[in-house]
Protein chains: 2
Amino acid sequence: MTSTWLDAIKWDDKGLVPVIAQEKDSGDVLMFAWMNREALQKTAELKRAVYFSRSRNKLWFKGEESGHVQTVHDIRIDCDNDVVLLKVTQEGHEPGIACHTGRHSCFYQRLEGKAWHACEPVLKDPESIYK
Amino acid sequence: MTSTWLDAIKWDDKGLVPVIAQEKDSGDVLMFAWMNREALQKTAELKRAVYFSRSRNKLWFKGEESGHVQTVHDIRIDCDNDVVLLKVTQEGHEPGIACHTGRHSCFYQRLEGKAWHACEPVLKDPESIYK
């Protein structure tokens, strides 16, 4: 067992760790997801983001349906060893689409006064992404 | 009750939501923490990051001990309404110190081969931050 770097992670009571995916070149925060041990190991091996889908309860190879793969350049953990930060290139479309709504980033809703407003354009119709 | 924007958030089973703090000017991801409803409401009111400390089980006015306050410029939520992203200015030191280890960002440990390496300098001795 050589993966002592995986043992350094403080997995939560479900065996998961939160993950932030940040676009390497722009610095944009693209999305937030979760990984289990296997997902993080595969991400490091493949240099491609592999998450754990809590709704489907299985590994989620980001882009497996959409083609919107994330190439991973850098894997970091925080001071408490309980959050992962990935620096990625968002592949499959230009500009990159990380969000299932067809937007660049999942964080497209901004608080303005007392309401949330969508402030980023849909780059591609989701129905044409998930056929 | 006017805070319907708070009702839009999908709070987890502990009444919390994960929060990413990103430095506005550099785009650096500084830290990850949690908020409850009151923390997010106060953050929006004060334009200053207020988290919920899970270890101390109470509101955590970021910078209350260290002086390393975060001024909040933008509050966003993701497509699932269950993650918050703050755009902040990290106050109290130049360059900003978000991490309790005295570093700029909490994400200072990088995976290199099969090991984590600290790759960002300590900008201020933590013992002189928390007196």
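The values are calculated or read from the model by the stated rules, or taken from the named source; none is laboratory data. This structure is a prediction, so every number in the text was calculated from the model and none was measured. Cβ coordinates were reconstructed from backbone atoms using ideal geometry, including for glycine residues, and neighbour counts include every protein chain displayed.
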Quiz item: When you go through (1) within 25 Å of B:Cys106 (Cβ to Cβ); (2) away from every other protein chain (no Cβ under 14 Å) one by one for A:Glu91, which number turns out not to apply?
Solution: (1)
Quiz item: Restricting attention to segment A:3-29, which residues are at the interface with chain B (Cβ under 10 Å from one of its Cβ atoms), free of Cβ contacts under 8 Å to residues at least 24 places away in the same chain and either charged (D, E, K, R) or in a loop (DSSP other than H, G, I, E, B) (or both)?
Solution: A:Ser26, A:Gly27
Quiz item: If the Cβ limit is 6 Å and pairs must be 6+ apart or interchain, which residue in segment B:30-47 that is under 18 Å from B:Gln90 (Cα atoms) pairs with which residue that is small (Gly, Ala, Ser)?
Solution: B:Leu30/B:Ala21; B:Leu30/B:Ala98; B:Leu30/B:Ser105; B:Met31/B:Ala21; B:Met31/B:Ala98; B:Thr43/B:Ala49
Quiz item: So, of the residues in segment B:22-39 that are over 11 Å from the mean Cα position of the chain (by Cα) and polar (S, T, N, Q), which turns out to be surrounded by the fewest Cβ atoms within 10 Å (Cβ to Cβ)?
Solution: B:Ser26
Quiz prompt | Pairs, first acidic (Asp, Glu) in segment B:59-75, second part of a loop (DSSP other than H, G, I, E, B), C-beta under 7 Å, six or more apart | solution = B:Glu65/B:Tyr130
Quiz item: If B:Thr43 satisfies every condition in (1) more than 9 Å from chain A (Cβ to nearest Cβ); (2) within 23 Å of A:Leu86 (Cβ to Cβ) but one, which is the exception?
Solution: (2)
Practice problem: For segment B:100-118, name all the residues that are in contact with an Asp or Glu (Cβ under 8 Å, 6 or more places away or on another chain) and either closer than 25 Å to B:Lys47 by Cβ or in contact (Cβ under 8 Å) with a residue 40 or more places away in the chain (or both). | Solution: B:Arg103, B:His104, B:Ser105, B:Cys106, B:Phe107
Self-check item: Check on B:Gly102, crowded, with 19+ Cβ neighbours inside 10 Å and more than 8 Å from every other protein chain (Cβ to nearest Cβ)
Solution: yes
Quiz item: In the set A:Phe61, A:Phe107, A:Phe52, which member is at pLDDT 95 or above, under 19 Å from B:Asn81 (Cα atoms) and away from chain B (no Cβ under 14 Å)?
Solution: A:Phe52
